[in-house]
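Take a look at the structure below.
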Amino acid sequence: MSRRITQKMVGPAGKTNERAKFIELIRQGMSSSEACRVLGVNRKTGSRWRNGRVAVQPDGSVRHYAPVVDVIVPTISPRFLSEDERVRIADLQRAGMSLRMIATNLNRSPSTIGSAQSLVDTVTCPMAWLPGLVCGSGGDGCFVEA
């Protein structure tokens with residue numbers, strides 16, 4: 001007499017322990033490939049754990065698996081100008097404010113503002129690198145030094 005299995009058949013045992021260790025290793029700064037190698041897990045499995053995935057079931061329904069590793073948004077050091085500060089510097093330059101007034105307005109050093117200003121001039125003037133050419137102020141274009 002055969003025993004009838006009343007439980008729903010399940011696949012191979014899940015890797016919850018490995019997944020927890022994987023998360024811990026990633027948070028410690030280990031690369032995904034290295035963590036997979038240490039745990040003996042396929043690299044593709046590690047990528048699925050890290051990035052999450054979408055699986056289409058046989059009945060057509062879609063199942064979303066969330067990533068197990070939090071995405072960390074890198075923060076910019078206050079030592080560097082943010083994009084908003086750079087835009088504000090450009091706007092204040094166009095409004096005719098001096099370098100020192102802009103620096104006071106942004107609570108930054110005048111040398112920092114000067115560096116950003118020269119960078120903006122170089123970017124807006126493609127000919128600025130040529131010897132003897134100077135980028136005109138206020139977006140007037142390039143002119144030859146006299």
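Calculated FRET efficiency, Asp91 to Ser111, Cβ-Cβ distance, R0 = 22 Å: about 0.65 to the nearest 0.05. Computed over every Cα-Cα pair of the range 16-65 and binned at 5 Å starting from 0, the pair-distance distribution P(r) comes out as 5, 21, 28, 17, 11, 10, 6, 2 percent.
How much length would be gained if the chain were fully extended between Val54 and Asn42, taking 0.36 nm per residue of separation minus their Cα-Cα distance, in nm to one decimal? Let's see the in-between values first.
Details: separation 12, 0.36 × 12 = 4.32 nm, distance 1.85 nm.
So the extension gain works out to 2.5 nm.
In the range 16-101, which chymotrypsin sites (Phe, Trp or Tyr not before Pro) are in a loop and have at most 14 other Cβ atoms within 10 Å, using DSSP for the loop call? Passing both the DSSP loop test and the Cβ count: Phe80.
Each reported figure results from applying straightforward, stated rules to the coordinates on display, with no laboratory input. Keep in mind that this is a model prediction, so the values were computed, not measured. Ideal geometry is used to build each Cβ from the backbone, glycine not excepted, and the neighbour counts take in all protein chains shown.
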